[in-house]
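Structure record follows, encoded as structure tokens.
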Amino acid sequence: MIKKFFENKWTKRVFSIASAFYCAGVFWLCYFALFFDMEIKSKGNLCVLITGISLIFLVVMLYTRKQIITRLSSLLLIPALLPVILYYFGEWSMIIPIAATSLIIFLLSGVGEGMKTAFGTGYLLLYIFGSLGYFLINSMFVTVTNSETVRASISPSGNYRCYIVNIHDTSSGSTTVYVEPNNADRDYKFATFRIRNFERACYVERPMIEGDITLEWKQQARSEITAYLKSISDTIVIHLSESQLGMLGYTYNSKLVLTDLEPIDFKNLGRQKGETVTLESLSNAQLAQFKFGRTAEGEYYILNPAPELVNEMKAEPGEKIYIKDISSKWKDKYFVAKDDTVMLSSLSELQLDMLGVPAIGDVLYFNGQPCFRYYVAVLENYFDTDHKKLALF
């Protein structure tokens, strides 16, 4: 009865789903390798855990090796593992069990021998050239310096962390203060994943500071920071995202501006040289001078668009091509851009609240001078962890 149960094709099909879960786990680790640095808390315990899990899934995958889900998973595991090996190189207690499982199921799966040969050759070339390129780029473009972290701390809210790095180089060296998000890491029982490429240098001193360094976090009220910044200048400009501009009532079309204007253009428009010229402020006749038209709804389009643009947009003859739909390359050619700036002095406390700036937050002082304010970090979205940055090194 048990033998008949395990020989049933539907039993194998159901069990083959386990291979998809294992494949998803490797892709999950691949994602972490691309965007997070890893700190293993206990290599021995992690090795035992991953080895045990891999053995269980390997047995199930060998049992269902001729099922389509297992076959497909066996082809995806090896390439998904490459970023893990490159970015976590040296963490063999984690890599070896997964690599062995991936290789065994690839060689023993129900995929045809011809396909195994073709894919195996492709994987071999992928690993050779991928590894060669990765280590070559690191060796050629990463500056070799002797750096030392001399101080580190976490902000009172726990949202940020900072650290001071002294860099010893062939010159006089430098001291740099970095701030990065402290709430984007992933902490698990056997390993911690710290987000990568989100550090922001908020202060640089050259030559390197040899003496005492004071680094202090304080919490300040939003209104206090606003008043201070406005006292410095009433022309401070901040850069906002599309969604933030929408919260303030700006539409896409209301923030379109002309770029790279010549002195004669300013003269013809009756504007001062260097003045920001929005399309919204121009008459239809003035728009036509720059090959733009405006619909009754306030949408801007290209007058007599270039044939290359028409072909790229796959537009019908006579169809309007709107500025909002063309690529940045064509915006540059037509000397138009989206302005994402807003004057800080124009924002009320209610608008700052709408933009997500808390009423009180963290300010970092380096040697008694503020070098980082949560206020600006939130407004300019310094740490947008929803849009992670991929970098080779």
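List of remarks:
- Out of 43, 116, sole residue that is within 27 Å of residue 9 (Cα to Cα) and not polar (S, T, N, Q): 116
- Any hit, the range 35-43, residues being of a type outside the set (D, E, K, R), assigned to a helix (DSSP H, G or I) and within 27 Å of the chain's Cα centre (by Cα): yes
- Test: residue in the range 59-78 that is under 25 Å from residue 184 (Cβ atoms) and part of a helix (DSSP H, G or I): no
- Among the residues of the range 348-378, the ones that are under 14 Å from residue 161 (Cα atoms) and either assigned to a helix (DSSP H, G or I) or of a type outside the set (Phe, Trp, Tyr) (or both) come to 8 in all.
- Among the criteria (1) exposed (fewer than 14 other Cβ atoms within 10 Å of the Cβ); (2) at pLDDT 90 or above; (3) part of a helix (DSSP H, G or I); (4) not aromatic (Phe, Trp, Tyr), the one residue 139 does not fulfil is (2).
- Members of the range 79-90 that are surrounded by fewer than 18 Cβ atoms within 10 Å (Cβ to Cβ) and either among the acidic types (Asp, Glu) or not in a helix (DSSP H, G or I) (or both): 89, 90
- Lone qualifier among 62, 75, 46, 82 - being outside the structural domain of residue 189 (by TED's automatic domain parsing), out of contact with any His (no Cβ under 9 Å at 6 or more places or on another chain) and over 30 Å from residue 135 (Cα atoms): 62
- Residue 376 hydrophobic (A, V, I, L, M, F, W, C), closer than 26 Å to residue 214 by Cα and modelled with pLDDT under 90: yes
- Restricting attention to the range 32-65, the residues being exposed (fewer than 15 other Cβ atoms within 10 Å of the Cβ) and touching a Phe, Trp or Tyr at 6+ places or on another chain (Cβ under 6 Å) number 3.
- Test for residue 234: is it exposed (fewer than 12 other Cβ atoms within 10 Å of the Cβ), under 24 Å from residue 356 (Cβ atoms) and out of contact with any His (no Cβ under 6 Å at 6 or more places or on another chain): yes
- Selection within the range 175-203: residues that are touching a helix residue (DSSP H, G or I) at 6+ places or on another chain (Cβ under 9 Å) and assigned to a loop (DSSP other than H, G, I, E, B). The member of this set that is surrounded by the most Cβ atoms within 10 Å (Cβ to Cβ) is 196.
- Note on the range 277-314: among residues that are β-branched (Val, Ile, Thr) and touching a strand residue (DSSP E or B) at 6+ places or on another chain (Cβ under 6 Å), the one that is surrounded by the fewest Cβ atoms within 10 Å (Cβ to Cβ) is 278.
- Screening residue 190 on (1) over 26 Å from residue 375 (Cα atoms); (2) in contact with a Ser or Thr (Cβ under 6 Å, 6 or more places away or on another chain); (3) modelled with pLDDT of 90 or more shows it passes everything except condition (3).
- Residues of the range 251-268 classified as closer than 22 Å to residue 341 by Cα and in contact (Cβ under 8 Å) with a residue 12 or more places away in the chain, total: 11
- One residue stands out among those in the range 66-78 that are buried (at least 18 other Cβ atoms within 10 Å of the Cβ) and not aliphatic (A, V, I, L, M): the one that is farthest from residue 136 (Cα to Cα), which is 67.
The values are calculated or read from the model by the stated rules, or taken from the named source; none is laboratory data. Everything quoted here is computed from the prediction, not taken from an experiment. Cβ: placed from backbone, ideal geometry, glycine included. Neighbour counts: every protein chain shown.
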